[in-house]
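Where a number appears in this text, it was derived from the coordinates with a stated rule and is not lab data. These numbers come from a predicted model, not from an experiment. Note that we place each Cβ from the backbone using ideal geometry, even for glycine, and neighbour counts take in every protein chain shown.
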Amino acid sequence: MVLTLVTGGCSTLKTISETESTPTLETGHKPSVAPVDKIETPVVDLGRARDLILTGNDDAARELLKKIGAEKSVSGVTDEALFRQGLLTLKYENEASGYPQTRQILERLIHDYPGSIWAVQAIPLNDLLVGRWMSEVSLGKARRQVKALKDSNLSLIRENKEMRLNIEKLKSLEQELEQKSRR
């Protein structure tokens, strides 16, 4: 056998070793194996999302982070994805609306991953957003009160002018009556 292998050349050795090491299906074909770089995992997606953030492609990163958050939870990955998604969402919301989507994402992170370093970082950020929102609500109420007081003030100014005019008219009428009664 050794003599056959040696005289058969390298191709014989290669052929024998391939058939022994590679499992085959019943039909005699090799099974198809997906390349490792084509397999999608949350860890790989999170890495891609980080790269997208670094290149300034926030919209694509947000979508990828949403996908990670919607899939099965992976500790250390899903919680980081939620935190990063919250930060990206914050950029697109405004103070007047109270950052509802950002707060919802951060509250999910805090509730679902209480021991995570990302949740620990999300707590003060969420508190800050809630405080800002409450301040905005209070500021809105104060602005409405100021507007109502200004309107009331304008109304009182008009009424004052009318009363002064009426007083002037009454004075002039009184003077006319006095002049008529003297005659």
Does the range 61-138 classify as rounded, prolate or oblate by the C-alpha gyration tensor (a ≥ b ≥ c root eigenvalues; a/c under 1.5 gives rounded; else a/b over b/c gives prolate, otherwise oblate)? oblate
Please state the shape class of the range 91-183: rounded when a/c is under 1.5, otherwise prolate if a/b exceeds b/c and oblate if not, all from the C-alpha gyration tensor. prolate
Ala119 neighbourhood, Cβ < 12 Å, K/R = +1, D/E = -1, net charge -3
Work out how much length Asp151 to Ala70 would gain on full extension: take 0.36 nm times their residue separation and subtract the Cα-Cα distance, in nm to one decimal. 24.1 nm
Mind listing the long-range amide H neighbours of Ser116? Cut-off is under 5 Å, sequence gap 5 or more, other chains count too, H placed in the peptide plane at 1.01 Å from N. none
For the range 55-69, what does the Karplus curve 6.51 cos²θ - 1.76 cosθ + 1.60, with θ = phi - 60°, yield as ³J(HN,Hα) per residue in whole Hz, taken in order and with x for Gly and Pro? 8, x, 8, 5, 4, 5, 5, 4, 5, 5, 5, 4, 4, 4, x
